[in-house]
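K.L.:
Attaching a single structure in C-alpha cells format; questions to follow.
What follows is calculated from the coordinates using simple rules that are stated; it is not laboratory data. Because the structure is predicted, anything quoted here is derived from the model rather than measured. Note: ideal-geometry Cβ built from the backbone for every residue, glycine included; neighbour counts use all protein chains shown.
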Amino acid sequence: MATSKGKIAIGLCVTGLLMTVFGIVLMFVGPTVVNQQVVKNVQINPNNELSYTMWRDIPVPFFMSIYFFDVLNPEEILMGEKPMVQQRGPYVYREFRQKTNITFHSNNTVSYREYRKYHFFRNMSVGNESDEVTQPNMLALGAAVMMEDQPDWMKIIMTITFNQLNVKPFLKLRVEDLLWGYDDPLVDFLNKWFPGTIPFSGKFGLFADFNNSNTGLFTVHTGADDIRKVHMVDSWNGLKKVSYWNSDQCNMINGTAGQMWPPFMTPESTLPFYSPDACRSMELVYEKPGEVSRIPVYRFIAPKTLFANGTVYPPNEGFCPCRESGIQNVSTCRYSSPTFISSPHFYNADPVLLQTVDGLSPNEEEHGLFIDIHPMTGIPMNCSIRLQLSLYIKKVSGISLTANIAPVVLPMIWFAESGYIDGPVLTTFYNNLVLIPFILKFLQYMLPVVGILLLVISLILGLYDKVFSCNLNHSSANEPKQVESNSPSEKLTNNAVIHEVHF
C-alpha cells in the first residue's frame, strides 16, 4: 500500500513539474509564437493563402446602400423658399472588387489597380431602379454658381444656351439614370464649344465614373521588412501627395487604402486611410471595445473634427474656402463644381445647416461612420462608411435659370458602403487567428496551475506515505516477542498437544 502511494506521488510530482515548466516556458514563448503567426498571415505575400486571397479579391459581401433626397417643392425653391426634402431609399447594390495588375517590387512594396462593379439587389431595396426622384440639376445650377464672378456677357451667353437647350433647374429622373448616367444636351454643348470645361463626354450621372472603373494605381507596403508598415500607402498614381488643397498637411497621402491596417492595435491607435473618392486622407479614432461573431474588436469612428472648418479646427484650414463646420468643400477635386461632402443628414455639423432645409433628422445610429476591427490582425470584421453629397445653389445675377433661389447647401444623396466577414472565411479566420491564440494563452496559464496542484498533491501523498511508514515501524517495535522454550518437558507437552489435535 505504502509502495503504491509512493509511486503515485513520484508520478504526480514528475508530471506536475513538467507541466509547470512547460507552462512557464509557454508564457514566454507563446506570445512570440502567436505574434509570429500573425505577422506571417497579415503580410501581403502570395504564399499566405488566407490573407493574400482576402486582400486580392475581398471575398466578403460588400454593399452600397444609396439614399436620395427627393425635392418636394422645386417651384417654391425658385421663389426663395426653404427646400423640403424626403429621404428615398435604400437602393442597394452589391459591390464586387478585385485587384489587378499586381506587381511586387524589390523595396517590399506592391502596386495594383482595384476595379469595382455594382449590381442592383432588388430584394434588399425599397423600390426599383425605375423609381423617379426630383433632384437639382447639378450641371446647370453648379455651372451657374461657377459663373458668378465671370463677366456679364458670359452669363448672357449661358442664359441663352440654357433657354435654347430647354434646361430645367430641377429634374425628375429615374434612380438608374441619376446614378449611372442620362443624356444631357448641356454636356454635348460644353464639349463642342468649350472643350476641356468638363472631363467627360456622353452621359452624366452621379456615380457614372464608379461602375466598371478603378480607384487609381496604389502602391502599398507588403510588411516584409516592417510589419508596422503593412498596407500603408507608399504612393497613389505615382504621387506622394496630392495638390487639391491649400496646405501640405491636407495634401498628404496618409494611412492605408482603407481595407486593412497594420496589426497589434491598442486603444491609442488610429485608422488613417486615403480615399480617392473624397480626394483626401481621413483618420478614424478609437471609441470602444466590442465583439463581432465571437471575435474581439475595437470600434473606430469619425471624430467630430473630420469635416470641421478651419475656424473650429485649424488643421483643416487647408481644405478651405469653408462654409459652416461639418461640411467640406470638394470643388477643387470635382472640376470646380460647388459640391460638399459631409456625414449624412449633416450629422455632427453646424446646427444652422438643419435650419436651411426641412426633412433632415441626423442621428448616430443611422448616420455615424464606423469600422469594427480585430486589433491583433488589423482586419475589419464589420464596417459602414457613410458619406453625403450636397450641392450649393443660389440666385446668380444675370442667369435667369437660378430665379430667386436662396443660398443653401442642398443635400442630394448619401450612401453607405458596408461589409462584414461571414461564412467559411469567418470560420477560417476565427480558427487560425482567434481560437488557436486563445488556446495557447489558456494553456500558458492553466498548465502551471494544474502542475502546481499536482505537485501539492504529490507532496501530500509523499508526506502521508512517510507518516504511514513511521507508524507501521513504531507499532512493530512495541509488540511483545515470543520466547522459544528449550525445556524438554515443555517440548514434550507441546508435542502431545499437537498429536492430540491431529488425532
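K.L.:
Students often check this: by mean Cβ neighbours within 10 Å, which of 121-133, 78-90 ranks highest, and how do the rest follow?
P.N.:
Output ranking for 121-133, 78-90: 78-90, 121-133.
K.L.:
Output the DSSP H helices from the chain with an along-axis C-alpha extent of no less than 15 Å and a mean Kyte-Doolittle hydropathy no less than 1.0.
P.N.:
2-42, 436-478
K.L.:
Volume per residue, Å³, of the convex hull around the alpha-carbon atoms of region 40-180?
P.N.:
202 Å³
K.L.:
With P(r) over Cα pairs in 10 Å bins from 0, in percent in mind, check (1) 4, 17, 22, 16, 13, 12, 10, 5, 2, 0; (2) 4, 17, 25, 25, 19, 8, 2, 0; (3) 3, 15, 21, 19, 12, 7, 5, 4, 3, 3, 2, 2, 2, 1, 1, 0 and report the label derived from this structure.
P.N.:
Among (1) 4, 17, 22, 16, 13, 12, 10, 5, 2, 0; (2) 4, 17, 25, 25, 19, 8, 2, 0; (3) 3, 15, 21, 19, 12, 7, 5, 4, 3, 3, 2, 2, 2, 1, 1, 0, the one calculated here is (3).
K.L.:
So how far, in whole Å, is the C-alpha centre of region 7-39 from the one of region 252-279?
P.N.:
Using only Cα atoms, the two centres lie 38 Å from each other.
K.L.:
Suppose a student asked you for the relative contact order of the chain, using Cα pairs under 8 Å spaced at least 6 residues apart; what percent would you report?
P.N.:
20 percent
K.L.:
What is the distance in Å between the Cα centroid of region 339-391 and that of region 69-100?
P.N.:
That distance is 15 Å.
K.L.:
Give me the distance between the Cα centres of region 123-189 and region 403-456, rounded to whole Å.
P.N.:
Here the two parts' Cα centres lie 44 Å apart.
K.L.:
Starting with the highest mean, order 22-35, 275-288 by the number of other Cβ atoms within 10 Å, averaged over the residues of each peptide. Please report the intermediate quantities before stating the final value.
P.N.:
Working: 22-35: 14.7, 275-288: 17.5.
Packing order, densest peptide first, comes out as 275-288, 22-35.
K.L.:
Greater than 26 Å separation of Cα atoms is the criterion. Which listed pairs, 155/241; 117/168; 7/441; 229/288; 172/304; 168/203, meet it?
P.N.:
155/241; 117/168; 7/441; 172/304, as the Cα separations exceed 26 Å there.
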